[in-house]
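In what follows, a structure is listed as structure tokens, so that the remarks can point back to it.
None of the figures in this text is laboratory data; all of them are computed from the coordinates on show. Note that the coordinates shown come from a computational prediction; the quantities given were computed from them, not determined experimentally. As a convention, Cβ positions derive from the backbone with ideal geometry for all residues, glycine included, and neighbour counts pool all protein chains shown.
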Amino acid sequence: MTKTLRALSLSAVLIGAAGAVSAAECIAPANPGGGWDFTCRQIGKILYDIGQVDEPVQVTNMAGGGGGLAFSSVVNERGDDADLIVAASQATATRLAQNAYGGATADQVRFVGAIGADPGVIVVAADSPMQSLGDMIDAIKADPGSVAFGGGSAVGGFDHLKVLQVLKAGGFDDITAVKYIGLDGGADAITQTVGGFTQAMTGDMSEIVGFLKSGEVRALAVLTEARVPGFDDIPTAQEQGIDVVAVNWRGLYVPKGISDERFEEWGAKLAAVAASDEWKAAMEANGLAPFTKVGGDFQSWVDGVIASTEELSREIGVIQ
Amino acid sequence: MEIFSNLAVGFSVLTWFTLSLAVIGCFLGTIIGALPGLGPSNGVAILIPVTFSIGLDATSALVLMTSVYYGAMYGGRISSILLNIPGDEPALMTTLDGYPMAKQGRAGDALVISGVASFVGALLATIGLMLLAPLLARVAYLFGPAEYFALYLLAFSTLGGIASNNQAKAALASCIGLGIAMIGLDNTTGMPRLTFGNLHLMDGVDFLVAIVGLFAVAEVFFFIESHGKGSSIGVKLEKVTVPVKDIVKSGWTMLRASLVGFIAGILPGAGASLGSFLAYMSEKSIAGPKGKFGTGVPRGVAAPEAGNNAAAGGALVPMLTLGVPGSGTTAVLLALLMTLNITPGPTLFTDRPDVVWGLMASLLIANFVLLAMNVPMVKIFVRVLQVPPAVLLPGVCMISFVGIFSLSGSYFDLLLMVGFGVMGYVLRKLDVPTVPIILGILLGNHMEDALRRGMVLSDGDWTYLFSSPISVGLWIAAVAGFVAPMFLRKVLQKPQAITD
């Protein structure tokens, strides 16, 4: 028995270390199961399938501090590892903007590209009296306590900020009176909304696809510039006179110390993934909308997002 | 019958290849479950990249993963019974009667009974899943913050009588657990609590670190203290037979525990640990003091094992029908499905019947394979006890370190684990039970979140907590569960005196 145990623990270590010699590594800064894990596994699989890398990409889960642990580990220990990519999303930018990574700043890594985005949505149960964003905003103006929102992120997180942005744009300024509860993920938030415990759910398109198809929830608005292909009957917030665009982009960052050539190379590889049929299928199956920005373009775009998130967070008092 | 034709579709995807995958998965799962620190969720997570690198298709990957999942649920009991160290968190309750049984020289009996109980629990849950999954998904819509809070309260209200004769010490232990659960990012405000600015503590304390520390590492300290003589590991070993009489006697226990576990599994967030806990506590209160739960009785190992395996099957209900993972392992399985471009949710049963029914068929097969594998293998497992403690314990210790390091790859967790070991040593010296600490860590966060969400929704109105028939029912059960043992003990002691 002990022999078996020893052999197994050894093989577990070997599995963990396999491919560490020259293959690329993708760090998912969370436990298996979330969006970052999806990014790493999906992009890693396609990179290999379309021949952009010679060996399968090894995915490492490094959960902790909402991504902060992975961030500090990359900055402090692997600052020039050119074979390392790290999954990131809007949540990474939000947390950096809110100084949630223990003093770490966005300029300590390089954001190399995003190849898809999960459009922000606001949904209600199918039998809700609210038919549009206007109805929702009117109800909140009349009684801020009458509409409670459920979302998959903690208070101050992106799901929370999204709904506050919408309300501000709709002319409701007392945003601290808005009821929001953070649940364990978007699906949980939908269950609570269908169950009638919360009146609306704020989240990402990917989280609601199945429930939309089964007719249990209705989307009031999608927070993109144009309607999302495949979901053409959901109006954008802009169409309803609310000028808010909020998408949860899915992308990667790399260590700061790598050469410009390697940075551009990763950008090109990502662009190739974005153009592949396999990625398009994966996006469609998961409710992602096309959103490709790579290299320097993406870096400056992220800088802009962080600056505006910081401003909003300060305004609502999440940071001083 | 539609079910049978659906199942036929499911079985049609099975080939000799997938069948052998199921056998391999069950074997790996059993080992992974038995190793302290390596639970079902990291077991499945470790194997995900393997399925990709050998290019398994969706069905085969699912067969392998669910076999590992069910296998680990079976395997967790082995180290609970033989070493008093839970192999994974749902097997925690099995230590309470399993280890005393082993000390009485009935390790083989305990392993066989718990193996059969695991089979009954998993089989009933799989059948329940097949017949009722889409219907049961609705149950999740009935549980809001108030109902969840009352459910967790029910669990804590019955904690007093657990694993200790001193209710105050059990209460102290659960408070320590609840305190540890407070560490980390506060979900309601997004602010870090008790982290001392340490990023490693931002996500809180992983319960696996606590379990391995409090049980495995503390055991090693005891061993060192006694210079290898007085270690509690020294259990007796007798001939292994199939204890038919005990299995038959535990029949009703297994059925009831399966039902309790299955229901706990269906509720997202409750999961297998709560399932085995509630199953054990309800059986304990049904049996009363006459049942002698906690002293090494067959029903005491049958209940938690039937309960946690049923909960493992139950947890697949919200995962498949709502996309809400009910436990750590189902969260990993969910990730696997998404990577295979299968999105669980309300439409999965109609969109991808091949996947759903292939999964059901593989669950059934895994379960039979596991029974066939586990009962004869008991003879091999009990050999562990023939290994001298001086060899066994350092081995267990080493595996614990590897297992915990594989969780996050951080040395910090290892230090924390040793810290928990010291704490476990001190607490056991003071006769404070450690099981309630783990339950506090496991359930404390969920309970607090439920309460605070309820308070946000109701503007701080406490009556919200009693606002639905379900929550009122759970409150009554919780109060009864807390008060009843105090009175029942006196009432039940009389007839016992007569029969004695």
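Build a GNM of chain A with springs between Cα atoms under 10 Å apart, and of A:PRO29, A:PRO129, A:PRO144 the one that fluctuates most is A:PRO129.
Taking the Cα centre of the protein assembly as shown as reference, the dipole from Cβ charges on Lys and Arg (+1) and Asp and Glu (-1) amounts to some 4060 debye. Using the Cβ atoms and a cut-off under 12 Å, what net charge is assigned to the surroundings of B:ASP206, where Lys and Arg are +1 and Asp and Glu are -1? Summing Lys and Arg as +1 and Asp and Glu as -1 gives -3. Let me check I've understood the local charge: for A:VAL273, count other residues with C-beta under 12 angstrom from its C-beta, Lys and Arg +1, Asp and Glu -1. What total comes out? Computed value for this residue: +1. Helical runs (DSSP H, four residues minimum) scored at -39500 (n - 2.57) apiece and divided by the length of chain A put the mean residue ellipticity at 222 nm at -13500 deg cm²/dmol. Comparing Cα centroids, region A:133-174 and region A:72-116 end up 29 angstrom apart.
Could you list A:ARG218, B:ARG299, B:ARG193 in order of exposure, starting from the residue whose Cβ has the fewest other Cβ atoms within 10 Å?
B:ARG193, A:ARG218, B:ARG299
Inter-chain Cβ neighbour count for B:187-194, averaged per residue, equals 5 (cutoff 10 Å, partner chain atoms only). Can you bin region B:2-499 into rounded, prolate or oblate? Criterion: square roots of the alpha carbon gyration tensor eigenvalues sorted a ≥ b ≥ c, rounded for a/c under 1.5, prolate for a/b above b/c, oblate for the rest. Taking the square roots of the gyration eigenvalues as a ≥ b ≥ c, region B:2-499 is rounded.
Each eigenvalue of the Cα gyration tensor of the protein assembly as shown, multiplied by 5 and square-rooted, gives one semi-axis; in descending order these are 43, 30, 26 Å. Simple rule: put +1 on each Lys or Arg Cβ and -1 on each Asp or Glu Cβ in the protein assembly as shown, find the dipole, and look at B:PHE482, A:HIS160, B:LEU364; the Cα lying farthest toward the positive end is B:PHE482.
Projecting label points 7 angstrom from Cα along Cα→Cβ for A:GLU278 and B:LYS292 puts them 6.1 nm apart. Region A:199-268 and region B:281-296 have Cα centres lying 54 Å from one another. Here the spin labels are modelled as points 7 Å beyond Cα on the Cα-Cβ line, and at B:THR241 and A:ALA226 they lie 7.8 nm apart. Residues A:TYR253, B:TYR464, arranged from fewest to most other Cβ atoms within 10 angstrom of their Cβ, appear as B:TYR464, A:TYR253.
Once the chain from B:VAL422 to B:LEU194 is taken as fully extended at 0.36 nm per residue, the excess over their C-alpha distance is 80.1 nm. Nearest 5 percent is fine: what portion of the DSSP beta bridges confined to region A:119-240 is antiparallel? Restricted to region A:119-240, the bridges split so that about 55 percent are antiparallel.
As a proxy for reagent exposure, A:GLU77, A:GLU225 were ordered by neighbouring Cβ count within 10 angstrom, fewest first; the result is A:GLU77, A:GLU225. Per-residue mean of foreign Cβ neighbours for B:142-154 is 2 (Cβ atoms of other chains, 10 Å radius). Taking the Cα centre of region B:2-499 as the origin and placing charges on Cβ (Lys, Arg +1; Asp, Glu -1), which of B:THR126, B:PRO389, B:ILE85 is farthest toward the positive end of the dipole? Of the candidates, B:PRO389 comes out farthest on the positive side.
How high is the FRET efficiency between B:MET373 and A:ALA268 when r is their beta carbon distance and R₀ equals 56 Å, given to the nearest 0.05?
It comes to 0.65.
How much net charge surrounds B:CYS175 when only other residues with a Cβ under 14 Å from its Cβ are counted (Lys, Arg +1; Asp, Glu -1)? After counting each charged neighbour, the total is 0. Reducing region B:344-403 and region B:308-338 to their Cα centroids gives an inter-centroid distance of 16 Å. Charged side chains reduced to their Cβ positions (Lys and Arg at +1, Asp and Glu at -1) give region B:346-481 a dipole of some 620 debye around its Cα centre. When the charge dipole of chain B is built from unit charges on Cβ atoms (+1 for Lys and Arg, -1 for Asp and Glu) and taken about the Cα centre, the candidate among B:THR241, B:ALA312, B:PHE221 whose Cα reaches farthest toward its positive end is B:THR241. Please list, by residue number, everything in region A:160-193 whose backbone N is under 17 Å from a paramagnetic label point 7 Å out along Cα→Cβ of A:SER308. Output list for this probe position: A:160-171.
Magnitude of the charge dipole for chain A, about its Cα centre and with charges confined to Cβ atoms of Lys, Arg (+1) and Asp, Glu (-1), is about 740 debye. Taking every residue in B:398-404 and counting other chain Cβ atoms within 10 Å of its Cβ, the average works out to 3. In units of the compact-protein estimate 2.2 N^0.38 Å, region A:167-285 shows a Cα radius of gyration of 1.35.
Relative contact order, whole percent, for chain B stands at 28, derived from Cα pairs under 8 Å and 6 or more residues apart. Note on B:THR463 and B:LYS249: their simple-model spin labels are 5.2 nm apart, each label 7 Å out from Cα toward Cβ. Helix content alone sets the calculated 222 nm mean residue ellipticity of chain B: runs of n ≥ 4 DSSP H residues at -39500 (n - 2.57) each, divided across all residues, give -23500 deg cm²/dmol.
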